[in-house]
Amino acid sequence: MIMLYHAPRSRSSRFIFLLEELGIPYEIHRVDIRRGDGSGSRDADDPHPHGKVPVIRDGETVVFESTAIALYLTDKFPAAGLGPQIGDARRGAYLTWLAYYTGVMEPAFMSAFMKWEVRRGTAAWVKTDEVMEFVGATLAKGPYLLGEKFSAADILVGTTFKLFLGSPLLPKTELLEAYVNRVVERPAYARAAAKDG
Ligand SMILES: N[C@@H](CCC(=O)N[C@@H](CS)C(=O)NCC(=O)O)C(=O)O
């Protein structure tokens, strides 16, 4: 059985959402983490090398990093159709969005939040306005990042936008609001929120 190491209202919350979407048996192991406000502490039960969440354990296999966990779970449990499999023409876009989420989108928003300068030609990511241009162009073509098909990439991206939408970092647009609503109106999101703790 998949075990999710989870801290309430953190990046591991969206994996309860994904596990609920997958409809597989899983267990939640709550751990403490260090929070931005100085509360919390590293938990000896957490197998993450830096004491972070999310982490999953599948028997002897431990996976951490949101992108890796999303790919691991959607590859291992393909029946729910939440990640295009090898051979599917949408696989490339799926891998791209998962990697882009961690490698470009999160650093872009984090840099803006921390007021760090993003120097073109030096940083491996871009500013949020460029990210949002790409997101906007993608979502203009379909209700989800992969077009008609909802995927685990929407869970990562949609839940992140849910947090920031309407803040100075992510001004509201009709398109973004509609996208976030499509993601968070899913019944699995509500089930996950009830289990978040
Ligand atoms: N790149 C990681 C980031 C994980 C992360 O930073 N998680 C935060 C919670 S939202 C955490 O565990 N912080 C505790 C700490 O930094 O010690 C991922 O996406 O999985």
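The values are calculated or read from the model by the stated rules, or taken from the named source; none is laboratory data. For clarity, every value in this text was computed on a predicted model and none was experimentally measured. Positions of Cβ are backbone-derived with ideal geometry, glycine not excepted, and every protein chain shown enters the neighbour counts.
Selection of region 39-54 for residues being closer than 24 Å to Leu22 by Cβ and within 12 Å of the ligand (Cβ to nearest atom) yields Asp46, His48, Lys52, Val53, Pro54.
If I filter region 14-30 for residues that are basic (Lys, Arg), in contact with a Ser or Thr (Cβ under 9 Å, 6 or more places away or on another chain), part of a loop (DSSP other than H, G, I, E, B) and not assigned by TED's automatic domain parsing to the domain that holds Ala153, do I get at least one hit? No, that holds for no residue.
Taking Arg57 as the residue in question, decide whether it is within 15 Å of the ligand (Cβ to nearest atom), outside any helix (DSSP H, G or I) and out of contact with any strand residue (DSSP E or B) (no Cβ under 8 Å at 6 or more places or on another chain). When the stated conditions are applied, Arg57 does not pass them.
Considered as a group, the residues in region 69-94 that are free of Cβ contacts under 8 Å to residues at least 40 places away in the same chain and among the basic types (Lys, Arg) include one that is farthest from the ligand (Cβ to nearest atom), and that residue is Arg91.
Tell me yes or no: at least one residue of region 95-117 is part of a helix (DSSP H, G or I), away from the ligand (no atom under 16 Å from the Cβ) and over 22 Å from Thr74 (Cα atoms). There is at least one residue in region 95-117 that is part of a helix (DSSP H, G or I), away from the ligand (no atom under 16 Å from the Cβ) and over 22 Å from Thr74 (Cα atoms).
Hey, any hits in region 189-197 for a residue that's at pLDDT below 95, under 14 Å from the mean Cα position of the chain (by Cα) and part of a helix (DSSP H, G or I)? Checking region 189-197: not a single residue is at pLDDT below 95, under 14 Å from the mean Cα position of the chain (by Cα) and part of a helix (DSSP H, G or I). Quick one: would you say Trp116 is loosely packed, with under 12 Cβ neighbours inside 10 Å and closer than 26 Å to Ser10 by Cβ? Yes: the conditions hold for Trp116. Scanning region 156-188 for residues that are outside any helix (DSSP H, G or I), over 17 Å from the mean Cα position of the chain (by Cα) and in contact (Cβ under 8 Å) with a residue 24 or more places away in the chain yields Leu169, Thr173. Can you name the residue in region 4-38 that is away from the ligand (no atom under 11 Å from the Cβ) and over 15 Å from Gly197 (Cβ atoms) and is also surrounded by the most Cβ atoms within 10 Å (Cβ to Cβ) among such residues? This residue is Leu18. Looking across region 60-76, just one residue is part of a loop (DSSP other than H, G, I, E, B) and closer than 19 Å to Glu106 by Cα, and that is Glu65. For region 140-154, the set of residues classified as surrounded by 19 or more Cβ atoms within 10 Å (Cβ to Cβ), touching a residue at least 40 places away in the same chain (Cβ under 8 Å) and not in a loop (DSSP other than H, G, I, E, B) consists of Ala152, Ala153, listed by residue number.
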